[in-house]
Amino acid sequence: MKSFFKLILLFITVSVASQTNDFTSKIYETYETYKETSLDKRRIKHQDIQPLINALKNKPGFIVNKVGQSIEGRDLTLISIGSGKNNVFLWSQMHGDEPTATQAIFDIFNLLISNDFTSEKETILNSVTLHFLPMLNPDGAEKYTRRNTLGIDINRDALRLQSPEGQTLKRVRDSLNADFGFNLHDQNIYYNAERTDKPATISYLAPAYNYEKDINQVRGDAMKIIVFMNDIIQKYAPGQVGRYNDAFEPRAFGDNIQKWGTSTILIESGGYKNDVEKQEIRKLNYVSILSAIYSIANGRYKNIPIADYENIPRNDSKLFDLKIEGATYNLLGKPYTVDIGVKRYEVDNADNSDFYNVGRIADLGDLSTFYGYNTFKADGYTIVEGKIYSEVFNSVDDISDLDVFKLLKSGFTYLQLETLPEDNLEASMPIHLVKAGHQLPELILRPGVNPTFLLQKNGVNEYAVINGFLIDLKTKKNALKNALVYR
Ligand SMILES: [Zn+2]
């Protein structure tokens, strides 16, 4: 008899689990139907989300309330839906340049206002009430910068509460006394899952609420949800999850909100190969957050063992955009073997709506404990300094027909122009532009130096590195975004 009940219990558990997995697969497969296509780039601003928020005011079940404003007077809006007794509070983009989850929230709204998934939505909205505060730092988003207009990190303002944005977050948390909180961020793309070359596409943390890192039920429930979400990400992006260091930070919101009694789940969207605008990562946010909400609603998460949290690999920061392994570097007449780690930084245009890349050598030497989104094995290749092509051209109009690859093969990585393009520091062809008469400093490999050189084998330039982008001179294959204009 006893085993019969066990069997029934097992059946119920498996059945709820498969329902959850089923829901996850379905929302993954149908994602494009609900994707909010007006938000398809990372540089989104307050004005981009206002029409979407206003449209929700007319949708049945949605309650839209202004709950505060930023220093520059931009509205902070709380969007609520559901009638369940458990409150789930999600806030995004307290750092202005971390927009991925904001986009996913609007995808979630699109699913909620659709006529689809009625039974799952009924389960969710009868059991929980959802409260979203997207883009907590709209002034930072305007300039695509982490901090707010006061110049402070809102995530270090949970105690002093000087920022109106932080005050709003605290007030809303307290008024809801939320059971669960999703603290939604982005991290830089150079995080990896410890001792692997996999990017930490998503990193999680159930923040500690004291220096002892104790686990009470509030924090334990957050850990269970994270284990649940990790399983989902592992399915769609195997190995690409990291677990954040849980050192207690007394000034941070996540740590305090955990302390104040809301089970807090920190989600950091990191990098994913060939996904500069993080749209795949946004999809993973959508799928995993919605699934987590469903799991909170049906109570399935409660059976997850907390111990599994510790099995999620730790976050590390060992990635480069490009890693060149074992190249020969001739210095003062002697050859040395070096690895070169390249990062490509983003420099925004004037209105922070777009960017260009500036490559930098981030490190060189024995980088055998590091990884690259792209790795080039350079055994037998010698690093050769690029030269300025002798012919002087009038302007960019005169170079459009040039065979740039032929010039690169001949060792030229710079072109001279009488007139450089106005206000423009990026060049579209895989060759840098300099003013006529420009003198190049000698190429000395150092951290901070722009990675521009040729990789030569048996006297032949087979590859060029321009502004940190690798260019195959045989096939012309490359992923160049831009070269640079030197004034
Ligand atoms: Zn952040």
Next item on the list: Measure off, as a whole percent, the carbon and sulfur share of the 1.4 Å-probe accessible area of segment 144-193, all protein chains present.
Entry: 44
Note to self: From the alpha carbon gyration tensor of segment 242-307, can you work out the equivalent ellipsoid semi-axes (sqrt of 5 times each eigenvalue) and give them in Å, largest to smallest?
What the structure shows: 24, 19, 11
Margin query: Sort 47-57, 153-163 by the packing proxy (mean of other Cβ within 10 Å over each peptide's residues), most packed first.
Written below: 153-163, 47-57
Item checked: Accessible surface of segment 251-374 [probe 1.4 Å, protein heavy atoms]: carbon and sulfur percent -> 47
Next item on the list: Place the peptides 235-246, 212-223, 103-114 in order of packing, highest mean first, counting for every residue the other Cβ atoms within 10 Å and averaging per peptide.
Entry: 103-114, 235-246, 212-223
Note to self: Which order do the peptides 353-359, 65-71 come out in when sorted by mean C-beta neighbours inside 10 angstrom, highest first?
What the structure shows: 353-359, 65-71
Notebook entry, point to check: Roughly speaking, to the nearest percent, how much of segment 86-138's 1.4 Å accessible area is carbon and sulfur?
Noted result: 38
Checklist line | Listed pairs Lys45/Lys343; Lys343/Lys377; Lys406/Lys435 exceeding 19 Å between Cα atoms | finding: Lys45/Lys343; Lys406/Lys435
Notebook entry, point to check: For the chain, what is the relative contact order in percent, using Cα pairs closer than 8 Å and at least 6 residues apart in sequence?
Noted result: 12
Notebook entry, point to check: What relative contact order, as a whole-number percentage, does segment 349-487 give when Cα pairs under 8 Å and 6 or more residues apart are counted?
Noted result: 30
Margin query: At R0 = 22 Å, how high is the FRET efficiency between Ile444 and Asp366 if r is their beta carbon distance? Nearest 0.05 is fine.
Written below: 0.70
Next item on the list: Determine by what factor the alpha-carbon radius of gyration of segment 81-234 differs from 2.2 N^0.38 Å, reporting the quotient.
Entry: 1.12
Notebook entry, point to check: How far is helix 100-113 tilted, in degrees, relative to the longest principal axis of the Cα atoms in the chain, given as a value from 0 to 90 rounded to the nearest 10?
Noted result: 40
Checklist line | Stokes-Einstein translational diffusion, segment 293-337 - Kirkwood Rh over all Cα pairs, 0.692 mPa s, 37 °C, in µm²/s | finding: 206
Next item on the list: For the pairs Lys198/Lys323; Lys198/Lys474; Lys235/Lys273; Lys278/Lys302, note any where the Cα-Cα span goes beyond 23 Å.
Entry: Lys198/Lys474; Lys278/Lys302
Notebook entry, point to check: How big is the Cα convex hull of the chain in projection, averaged over all directions, in nm²?
Noted result: 27.3
Checklist line | Mean ellipticity per residue at 222 nm, deg cm²/dmol - from DSSP H runs of n ≥ 4 across the chain, formula -39500 (n - 2.57) | finding: -9000 deg cm²/dmol
Checklist line | Computed accessible area, Lys334, all protein chains, 1.4 angstrom probe, square angstrom | finding: 120
Next item on the list: Any chance you could get the radius of gyration and Dmax over the Cα atoms of segment 329-400, in Å?
Entry: 17.4, 48
Margin query: Can you tell me the orientation of helix 279-298 relative to the chain, as the angle in degrees between its alpha-carbon axis and the longest Cα principal axis, to the nearest 10?
Written below: 10
Next item on the list: Decide, for segment 27-79, between rounded, prolate and oblate: order the square roots of the alpha carbon gyration tensor eigenvalues as a ≥ b ≥ c, take rounded if a/c falls under 1.5, and otherwise choose prolate if a/b is larger than b/c, else oblate.
Entry: oblate
Margin query: Explain nothing, just the number: relative contact order of segment 302-351, from Cα pairs under 8 Å at least 6 residues apart, as a whole percent.
Written below: 29
Note to self: At 1.4 Å probe radius, can you tell me the per residue accessible area of segment 220-261 in Å²?
What the structure shows: 31
Next item on the list: Taking every pair of alpha-carbon atoms in segment 191-242, give the share separated by more than 18 Å as a whole percent.
Entry: 40
Next item on the list: Could you tell me how many degrees, from 0 to 90 and to the nearest 10, lie between the Cα long axis of helix 2-29 and the main elongation axis, the longest principal axis, of the Cα atoms of the chain?
Entry: 40
Notebook entry, point to check: Could you list, bin by bin from short to long, the percent of Cα-Cα pairs of segment 298-445 in 5 Å steps?
Noted result: 2, 7, 12, 14, 15, 14, 11, 8, 5, 3, 3, 3, 3, 1, 0
Notebook entry, point to check: For the pair Asn54 and Ser317, what calculated FRET efficiency results from E = 1/(1 + (r/R0)^6), where r is the Cβ-Cβ distance and R0 = 56 Å, to the nearest 0.05?
Noted result: 0.90
Margin query: Can you compute the equivalent ellipsoid semi-axes for segment 359-440, i.e. the square root of 5 times each eigenvalue of the Cα gyration tensor, sorted largest first and rounded to whole Å?
Written below: 30, 15, 12
Next item on the list: For segment 224-301 and segment 75-105, compute the distance between their C-alpha centroids and round to whole Å.
Entry: 14
Check: Using a ≥ b ≥ c from the Cα gyration tensor of segment 10-164 (square roots of the eigenvalues), is it rounded, prolate or oblate, where a/c under 1.5 gives rounded and otherwise the larger of a/b and b/c decides, a/b for prolate?
Finding: prolate
Notebook entry, point to check: Quick one: if you stick a label point 7 Å off each Cα along the C-beta vector at Arg251 and Glu418, how many nm between them?
Noted result: 5.6
Checklist line | Summed residue charge, Cβ within 14 Å of Val227's Cβ, Lys/Arg positive, Asp/Glu negative | finding: +2
Next item on the list: Work out Dmax and Rg for segment 197-346 from the C-alpha atoms and quote the Rg first, both in angstrom.
Entry: 19.2, 70
Item checked: Globularity ratio of segment 88-133, using Cα Rg and 2.2 N^0.38 Å -> 1.30
Note to self: Taking a cut-off of 14 Å, what percent of all Cα-Cα pairs in segment 443-486 are separated by more than that?
What the structure shows: 53
Check: When each pair of different Cα atoms in segment 123-214 is counted once in the 1/r mean, what is the Kirkwood radius in angstroms, to one decimal?
Finding: 16.0
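The values are calculated or read from the model by the stated rules, or taken from the named source; none is laboratory data. As the structure is a prediction and not an experimental result, all values here were calculated from the model. Counting neighbours? That spans all protein chains shown, and the Cβs are built from the backbone with ideal geometry, glycine included. Protein only, heavy atoms only, side chains kept; ligands, DNA and RNA dropped before computing areas. Shrake-Rupley method; radii C 1.70, N 1.55, O 1.52, S 1.80 Å.
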